[in-house]
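For reference, the structure discussed in these notes is given below.
The values are calculated or read from the model by the stated rules, or taken from the named source; none is laboratory data. This structure is a prediction, so every number in the text was calculated from the model and none was measured. With ideal geometry, Cβ positions are generated from the backbone for all residues, glycine too; neighbour counts draw on all protein chains shown.
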Amino acid sequence: MLTEEEVRQQVATGRRLVIKVGSSSLSSASRGLAEDRVAALVSALADAHDDGHDIVLISSGAIAAGLAPLQLRRRPRDLAHQQAAAAVGQGLLVQRYTELFRDRGILVGQVLLTVDDVTRQSTYANALRTLGTLLRMGVVPIINENDTVATHEIHFGDNDRLAALVAQLVRADALLLLSDVDSLFTAHPDEPGSLPISFVPDVEALTVDTHRIGSNIGSGGMTTKLQAAQIATGAGIPVVLGRASQVGEILVGEPVGTAFSPIDKRRPRRLLWLAHASMARGALYMDSGAVRAVTQANASLLAAGITKVTGDFVAGDPVDLVTPSGEAVARGLVNFDADQLPAMLGRRSSELAAELGVQYEREIVHRDSLILLNHTID
């Protein structure tokens, strides 16, 4: 665990930084893109780039940028109008970024992602390869969720969780979450007695009520930012949350915003993908003995401990491991197809090997390919 000073120093000295900026920091419902805010952000990021930092920018704002041209007074609630606004606004947003960074001699590359791009292992690897190549060439990747084709993902959290997933994908040294609030507070900032929180040593231990803090322009709130901080710090990445207008101060380690300490050790990338970037393709229901073995004894899941199988999956897919009551307590990569498992349930490995062949003696989910699911902020 790092101290607050160490977190802020890692932001100032870290080679690779992922910066996420929210819609409300770049635009307004009446004016669309706020040119002065975008220019100020680019100026600070260009300075950091010139100082030797690799910069990855996760930028919301496509929907917000499309509001004024479409004469929409506020962010639409229905999916069709959100996607229409995104289609108009994405080009305007990237065009402005391109012009401003070009004035500083910096190339940018647009990368549009959907949830599937970071939840399927094959496309996850493709995204990593693309981003790595751009960074090695000195390009600033500008990432946004592909709102024009997303469905339920359009409410993914105003890019907060996506930013945390990208940070672990590129092995960032720090993640900055920029919004229109100064920091995390002990209560709603407008409530009497509410105090700013400058340092969070353990994000999972937080008990503050964050649900009412948000904006009418973006889709995210403080809850999604804490979820993002939880993902990033769990990957060993320090996080600073603060106001976008103070990004220059944050980048040089000034004590503004809220700093979040990471855990002591980064988990393997494969397990991070499994915990935070995968979508379960099915579920394996365990008996009570298997639940104890998996959650307490770090054991593999065997056919003898499975009582029911749901979902349509193939070997290698992520599946949830659930208790008899249906609570998902772990996620792992399954070694068999869904249609192979019913004949195996409740049977010993030696019995399966004798009847069906030695290939059926394998664990259903090996302990090295599963991860326990922790409680998350909601």
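What to note about this one:
- Taken over the stretch 12-52, the criterion of being part of a helix (DSSP H, G or I) and touching a Gly at 6+ places or on another chain (Cβ under 6 Å) is satisfied by ALA12, SER23, SER24, ALA44.
- Which numbered condition ARG75 misses (of (1) part of a helix (DSSP H, G or I); (2) modelled with pLDDT under 95): (1)
- Residue pairs whose Cβ atoms lie under 6 Å apart, separated by 6 or more positions or on different chains, with the first residue in the stretch 291-314 and under 17 Å from MET344 (Cβ atoms) and the second of a type in the set (Phe, Trp, Tyr), are THR307/TYR285; LYS308/TYR285.
- Beta carbons closer than 9 Å, at least 6 apart along the sequence or on distinct chains, pair a first residue in the stretch 236-249 that is assigned by TED's automatic domain parsing to the domain that holds ALA48 with a second that is among the aromatic types (Phe, Trp, Tyr) and buried (at least 17 other Cβ atoms within 10 Å of the Cβ) for PRO238/PHE260; VAL239/PHE260; VAL240/PHE260; LEU241/PHE260.
- Test: LEU274 is over 30 Å from THR123 (Cα atoms), in contact (Cβ under 8 Å) with a residue 40 or more places away in the chain and not in a strand (DSSP E or B): no
- The stretch 303-356 holds strands (runs of 3 or more DSSP E) entirely within its bounds, and those carrying 1 or more residues that are buried (at least 17 other Cβ atoms within 10 Å of the Cβ) and among the β-branched types (Val, Ile, Thr) map to 306-311, 318-322.
- Residue match in the stretch 137-159 (condition: in a helix (DSSP H, G or I), at pLDDT 75 or above and assigned by TED's automatic domain parsing to the domain that holds GLN95): no
- Subset of the stretch 216-246 (residues that are over 20 Å from the mean Cα position of the chain (by Cα) and either modelled with pLDDT of 95 or more or surrounded by fewer than 22 Cβ atoms within 10 Å (Cβ to Cβ) (or both)): ASN216, SER245, GLN246
- Some residue of the stretch 57-71 being touching a helix residue (DSSP H, G or I) at 6+ places or on another chain (Cβ under 8 Å), surrounded by fewer than 21 Cβ atoms within 10 Å (Cβ to Cβ) and either touching a residue at least 60 places away in the same chain (Cβ under 8 Å) or within 16 Å of PRO141 (Cα to Cα) (or both): no
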